[in-house]
Amino acid sequence: MSVGLLFDSTRCIGCGACSAACKEANGLPLPIEDHTTAYTWTVVENVGGVNVRRLCFHCAEPTCASVCPVAALTKTPQGPVVYDAERCIGCRYCIMACPFGVPKYQWDRPIPIVGKCILCAGRVAQGLPTACAAVCPTGATLFGERDALVHEAQTRIAANPATYVDHVYGISEAGGTSVLALAGVPFERLGMKTNVPRQPLPLLTWQVLSKIPAFVAVWGVCLFGIHWITKRRDEVREYEAAQRETER
Amino acid sequence: MTVAVAVRRVVRRMGFWEAVLAVILVLFGGVTVLRFTRGLGAVTNLNDKFPWGLWIGFDVLCGVGLAAGAFTLTAIVHIFNLRRFEPIVRPTVLTGFLGYVLVIIGLLFDLGQPWRIWHALVFWNPHSVMFEVAWCVMLYTTVLGLEFAPVVFEGLRLERPRRLLRSVATPLVIIGVILSTLHQSSLGSLYLIVPSKLHPLWYTPLLPYLFLISAVGAGIGMTILESYLSERAFGRRLEMDLLEPLARAMVVALGVYGLLRVIVIWKNGAVALLRHPEYEGWMFLLELCVGVVLPVGLLLIERVRMNPTGLVVAAIFAVLGFVMNRLNVSVTGMEHAAGIQYVPSWMEVTVSLGLVALGFALFAVAVRYLPIFPQPARGRVG
């Protein structure tokens, strides 16, 4: 079973305890910036009076993990999408490709790495909740099994249809994510991406990449065949010319 | 003799273009130091919203594409056995080889930790297009090196290794064509995964095919352009009898490409955006005009095609349009989703210009010391 978070923006008071706890749990340098960076993996932004947390959604089939040429980003069976800084070559394809704009880079360092929320993979492996969920005073960020969180989110919407927009963000975005969100106003108004495809994005490139072995075989044979035929044609032409020469 | 005197003597003997080259290369050296001591943020205008800029859009996407003449020409000569094109194979393979070397140097600037470039060899992720790109760059640069090596061996009068490479020439060409097909298309595939970010005038599932076909067109354009520059710089004659049929092949490639582009925006509905074009719309129209309509239109006229100047002008348009396309895909088309405008810093531009300058310089050096052209060059180098 995989775990996740449910963030309910209607319950968030914007205290920022999650950001501070994240910094501490992950050994990130202060200060807490006003938007997510390679050093600040989660923030609470106030958008038109609504408090919205920014963090990685931990896709079921992460775009970042699929595009990484050296498999520095991987999805763990427990849910977190984690990052191995020792492998990373710094191509920044993850930053370019993530449909949610999550991974960030250390632009100010000569030896930079990527920074993004890792769903406190170490704590989760020990059976603990993420630091942000553990510290949240109102329960706006809830940690649990993803299936249970989906159920909880749907129950909340059903119980208070007037409070919530009738959509659990993350239930199908990019093929489904481990982090889910609820809101009282349309998600696009909160600066959340609503044009994200409902299918896992890695399929788009895998459709092409998976055909490469067959393509190489067929194309190779074709090229050799053309070479063979054109070469033989030249040989025959030369031979016939020589024949005509001797006949004369 | 002191250094100062030597420098002054060299400077006095320089022509205009050598001086330009020297200035660019000096600035290039300075920026290189800054890049590796201060980091990417200090020299580029890249940021978390716009992580790929000029170095990917121009140095890599255009560098690889414009090197496509090499696989096209080697296929024509070795696979289709059209031996009469042999005289322009060497300079074209040299252009391709230098192009790939410069792409790798460009990548070393762009990668956050370039000393780890070998990681793709040991840490595999076959689901990543970038993984395919990395392997294609490495393997095809090796193949181009081996395809060009006989010229070096000939220059050094090393008969045995030359004969050895000659015996595997055909398999090498076949491997090179396969790798090129994969590599050119994979650069388009890089953008398949950003349907919500790349503007609909450029995003299409056909991106890998479009990148391949346009590279064939622009690669031929580069071959024509490079023949023209060689004529100017090294006092050679223009091989019109070879370039004119190549130009017709370019018309076919660009024609197919242009048609596909139109069909794509027709089918995905983006054509409606051209009725009242905004920034992206104008850039699209300009790109298609310069890169397809003008060169195809010009080259369809026999009088233009047969005329060296006409031919070269059309080739310049094709190459320019190709560069615009790659920059539109990597920059213009990504700006709206990023929510910001990206303009490269002067230091980014310096590095890109420096790489081009380096390419010209290395080509000139190679022509001077190696048997690149069939008969010895008459004019002065540079």
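Taken together, the values in this text are just the output of simple stated rules run on the coordinates, not laboratory data. Quick caveat, the model's predicted, so the values are computed rather than measured. Glycine gets a Cβ as well: all are built from the backbone with ideal geometry, and neighbour counts include every protein chain shown.
Observations on the structure shown:
- For the stretch A:1-47, the Stokes-Einstein estimate of translational diffusion at 37 °C and a viscosity of 0.692 mPa s comes to 279 µm²/s, using the Kirkwood hydrodynamic radius over alpha-carbon pairs.
- ³J(HN,Hα) computed for each position of the stretch B:330-339 - Karplus, 6.51 cos²θ - 1.76 cosθ + 1.60, integer Hz, glycine/proline x: 7, 10, 3, x, 9, 5, 4, 5, 6, x
- Simple Cβ-charge dipole of the stretch B:138-238, Lys/Arg +1 and Asp/Glu -1, about Cα centre, in debye nearest 20: 260
- Structure-based [θ]222 nm, chain A - -39500 (n - 2.57) summed over DSSP H runs of at least 4, per residue, nearest 500: -10500 deg cm²/dmol
- Dipole moment magnitude, nearest 20 debye, chain B about Cα centre, only Lys, Arg, Asp, Glu C-beta charged: 1100
- Whole-Å semi-axes of the stretch A:39-136's equivalent ellipsoid (Cα gyration tensor): 22, 18, 13
- Where Rh is the Kirkwood radius over Cα pairs, Rg/Rh for the stretch B:304-381: 1.13
- Cleavage-rule hits, trypsin sites (Lys or Arg not before Pro), the stretch B:301-382, DSSP coil, Cβ neighbours within 10 Å at most 14: B:378, B:380
- Rounded to whole numbers, the Karplus 3J(HN,Hα) couplings from phi for the stretch B:305-314 are 5, 7, 8, x, 5, x, 4, 5, 4, 4 Hz, using 6.51 cos²θ - 1.76 cosθ + 1.60 with θ = phi - 60°, and x at Gly and Pro.
- Ratio Rg/Rh [Cα only; Rh per Kirkwood] for the stretch B:1-160: 1.05
- Potential extension, residue B:3-residue B:168 segment - 0.36 nm per residue separation minus Cα distance: 54.7 nm
- Value of relative contact order over chain B, rounded to a whole percent, pairs C-alpha under 8 Å and six or more apart: 27
- For the stretch A:29-75, a/c is not less than 1.5, where a ≥ b ≥ c are the root eigenvalues of the C-alpha gyration tensor, and a/b does not top b/c. That puts it in the oblate class.
- Measuring max minus min along each principal axis, the C-alpha atoms of the stretch A:6-84 give extents of 40, 27, 21 Å (largest first).
- Selected from A:198, A:237, A:156 as most flexible by GNM, with chain A as the system and alpha-carbon contacts under 10 Å: A:237
- Each semi-axis of the equivalent ellipsoid for the stretch A:82-211 is √(5λ) with λ an eigenvalue of the Cα gyration tensor; in descending order they amount to 29, 21, 15 Å.
- Within the stretch B:239-344, the percentage of alpha carbon pairs spaced more than 18 angstrom apart rounds to 53%.
- Working note: Debye formula, equal point scatterers on the alpha-carbon atoms of chain A, no solvent; log10 I(q)/I(0) at q = 0.07 Å⁻¹ is -0.33.
- Under-5 Å amide H pairs with residue A:5, H placed in peptide plane, nonlocal only: A:179, A:180
- Residues of type lysines that residue A:23 reaches as a straight line, Cα spacing below 18 Å, ignoring anything fewer than 8 places off in the same chain: A:104, A:116
- Every Cα-Cα pair in the stretch A:141-248 was counted, and those over 23 Å apart are 59% of them.
- Of B:161, B:91, B:200, the residue with the greatest mean-square motion in the GNM of chain B, using alpha carbon springs below 10 Å, is B:161.
- For the stretch B:174-273, convex hull of alpha carbons as volume per residue, Å³: 133
- For the stretch B:50-63, the Karplus equation 6.51 cos²θ - 1.76 cosθ + 1.60, evaluated at θ = phi - 60°, returns couplings of 9, x, 10, x, 4, 5, 7, x, 9, 4, 8, 4, 7, x Hz by residue, with Gly and Pro reported as x.
- Computed on the Cα trace of chain B, the radius of gyration divided by the Kirkwood hydrodynamic radius gives Rg/Rh = 0.96.
- Calculated on alpha-carbon atoms, Rg and Dmax of the protein assembly as shown in Å: 28.0, 105
- Cysteines not pairable in chain A (beta carbon separation under 4.7 Å absent): A:12, A:15, A:22, A:59, A:68, A:88, A:91, A:98, A:120, A:136, A:222
- The stretch A:134-178 - Kirkwood radius from inverse mean 1/r over Cα pairs (Å): 11.6
- The dipole here belongs to the protein assembly as shown: it is taken about the Cα centre, uses +1 on the Cβ of Lys and Arg and -1 on the Cβ of Asp and Glu, and is about 1560 debye.
- Exposure proxy ranking, count of Cβ atoms within 10 Å, fewest first, for A:35, A:227: A:35, A:227
- Residue among B:352, B:186, B:128 with the largest mean-square fluctuation in a Gaussian network model of chain B, springs linking Cα atoms under 10 Å: B:128
- Mean sequence separation of contacting Cα pairs (under 8 Å, at least six apart), scaled by the length of chain A, corresponds to a relative contact order of 24 percent.
- Relative contact order of the stretch B:237-382, defined on C-alpha pairs under 8 angstrom at six or more residues apart (%): 21
- The trypsin sites (Lys or Arg not before Pro) of the stretch B:147-251 meeting both criteria, a DSSP state outside H, G, I, E and B (loop) and at most 10 other C-beta atoms within 10 angstrom of the site's C-beta, are B:157.
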